[in-house]
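Chemist: Here it is: the structure, laid out below.
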């Protein structure tokens, strides 16, 4: 039986994309889900995969790989990094985009540092080619979320900073710019379709 490829005749786009994400508390997963939805609307065929427990996944059929992670205590999730490391050689023949959800994106003064540390440095270490795009997206402050001991230690510093800004630290705050995330996903399809 012939496999039908999805083609957007209006845009002339034919693309098969894989989005692999690492998440601890769901923030990066929600971003990846929205990217998948938007990219499908734009005519791409998209598979969405959690990097947790992902081994020996065949990435050869994909035209574009989007790999992302939530950042906690300055680090990508181990599984998302392992995906990049384990597929380093084959990624040289693929278009790759990277994204993160992190607190560094919440304020303009820390965005450049976040871009360098969480995207540029990771690309330099794990990719042999330059990524086609990088996305630095905000995080979620949730006082009810269950975090580890180190986060509990640093949470008092985060809480004080938020309070200085006049933010109610008893409530959940979503710093992700959903319009920017959607636009980034649309651009991935528009600029990387065949």
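Chemist: Extending each Cα 7 Å along its Cβ direction at residue 55 and residue 33, get the distance between those two points in nm, one decimal.
Modeler: According to this spin-label approximation, the distance is 2.8 nm.
Chemist: So what is the diffusion coefficient of the stretch 1-135 in µm² per second by Stokes-Einstein at 37 °C and 0.692 mPa s, using a Kirkwood Rh over Cα pairs?
Modeler: 213 µm²/s
Chemist: Separate question: Applying a 10 Å radius around every beta-carbon, put 34-42, 53-61, 94-102 in order of their mean neighbour count, most first.
Modeler: 94-102, 34-42, 53-61
Chemist: Neighbouring Cβ atoms within 10 Å as the yardstick, rank 184, 76 fewest first.
Modeler: The order, fewest Cβ neighbours first, is 184, 76.
Quick note: the coordinates plus some simple rules give every number you see, no bench work behind them. Remember, it's a predicted structure, so these values are computed and weren't measured experimentally. FYI the Cβ positions are ideal-geometry reconstructions off the backbone, even for glycines, and counts take in every protein chain you see.
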